[in-house]
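The structure appears below as structure tokens.
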Protein chains: 2
Amino acid sequence: MHASEMAEDFPVIGVEDDAWDAVTQLAERRLPGLVVIDTDGRPLSILPSSQVVRILVPTYVQDDPSLAGVLSESMADRVADKLRGKKVRALIPDDGDVPELAVVNDDDTIVEVAAVMARLSCPLAAVLRRGELLGVITASRLLQLALTSR
Amino acid sequence: MHASEMAEDFPVIGVEDDAWDAVTQLAERRLPGLVVIDTDGRPLSILPSSQVVRILVPTYVQDDPSLAGVLSESMADRVADKLRGKKVRALIPDDGDVPELAVVNDDDTIVEVAAVMARLSCPLAAVLRRGELLGVITASRLLQLALTSR
């Protein structure tokens, strides 16, 4: 079985799209993350929910977590303010906290996909055919395929 | 709102349980991960699918990824062999590739939970009340709650 047959649809967002749209998609659809694509449709990065929650934390709490307990929680407006006019690009941390997106070719095997995913500790792999995004393979999908393949 | 109200059920597995059971749960239920608890029910760690896929990769391929393409793919039997007699403990890598499990108290606020999650880059937080696991808050659940809280 090749990666092209393992690939599934996965929510993507453009790097120049509105940051607020990305956050509401993650929230409303309860997604662990989005694949971020560039303006040519090539996968660039992952935007994991675990990183996006940073926007809920005011800077002075990041500096001194003991202050978190004293905050009021009228959060939605504060988040909207914070994201106004921002692009998805601004949500991607540049400090190495985002796992490198695993990228595999459409003719890669289960073992090849697993090897890339494990090396990068990345929960999903983007499947490309000649630079075009065919879909995504999540780690649990890969396990499922492996356990049912003979 | 406090963490106890945000918590949801999440699949857990005991550190002394059978490794094969953990892998089949991840595969069949398409889970991104399991919370690993010790024999007293206290949360110990996360077992992410992205780490478990390592078991699909033979050691000689980990050493030389170019060999991955030449493997046959009768995988399920090979995985079963590899896991026979092993405990969940053996699946948890000790090389720092598993994110530290975020642990929060039942009376923590959204901002406190977000601060812990963001600091550890952990996609979920275990909610404890006097050492007992009440449930788990995923990052996307936290975003959902934040955007709907006033």
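Please specify each residue of the range B:20-59 satisfying the condition of being surrounded by 22 or more Cβ atoms within 10 Å (Cβ to Cβ), among the β-branched types (Val, Ile, Thr) and more than 13 Å from the chain's Cα centre (by Cα).
Passing the criteria: only B:Val57.
Within the range A:131-149, can you find the residues that are touching a residue at least 60 places away in the same chain (Cβ under 8 Å) and in a helix (DSSP H, G or I)?
A:Arg141, A:Leu142, A:Leu145
Considering only residues that are buried (at least 20 other Cβ atoms within 10 Å of the Cβ) and touching a Pro at 6+ places or on another chain (Cβ under 9 Å), look in the range A:131-150 and name the one that is farthest from the other protein chains (Cβ to nearest Cβ).
Looking at the filtered set, the residue picked out is A:Val136.
Among the residues of the range A:49-75 satisfying the criterion of being over 17 Å from A:Lys86 (Cβ atoms) and assigned to a loop (DSSP other than H, G, I, E, B), which is modelled with the highest pLDDT?
Of everything passing the filter in the range A:49-75, A:Asp64 is modelled with the highest pLDDT.
Please work out which residue is surrounded by the fewest Cβ atoms within 10 Å (Cβ to Cβ), limiting yourself to the range B:1-19 and to residues that are under 15 Å from the mean Cα position of the chain (by Cα) and not acidic (Asp, Glu).
Result: B:Pro11.
Do you know which residues across the range B:26-49 are within 12 Å of B:Leu91 (Cβ to Cβ) and within 12 Å of chain A (Cβ to nearest Cβ)?
Of everything in the range B:26-49, those that are within 12 Å of B:Leu91 (Cβ to Cβ) and within 12 Å of chain A (Cβ to nearest Cβ) turn out to be B:Leu26, B:Gly33, B:Leu34, B:Ile46, B:Leu47, B:Pro48, B:Ser49.
Just need a number here: residues in the range A:85-122 that are within 12 Å of another protein chain (Cβ to nearest Cβ), over 30 Å from A:Ser149 (Cα atoms) and at pLDDT 90 or above.
Looking only at that region, the number is 1.
Can you find, within the range A:90-130, the residue that is farthest from the chain's Cα centre (by Cα) among those that are outside any loop (DSSP other than H, G, I, E, B) and exposed (fewer than 15 other Cβ atoms within 10 Å of the Cβ)?
Ranking the qualifying residues of the range A:90-130, first place goes to A:Arg129.
Which members of the range B:15-48 meet the condition of being out of contact with any Pro (no Cβ under 7 Å at 6 or more places or on another chain) and in a helix (DSSP H, G or I)?
Within the range B:15-48, B:Ala19, B:Trp20, B:Asp21, B:Ala22, B:Val23, B:Thr24, B:Leu26, B:Ala27, B:Glu28 qualify.
The values are calculated or read from the model by the stated rules, or taken from the named source; none is laboratory data. Quick caveat, the model's predicted, so the values are computed rather than measured. Positions of Cβ are backbone-derived with ideal geometry, glycine not excepted, and every protein chain shown enters the neighbour counts.
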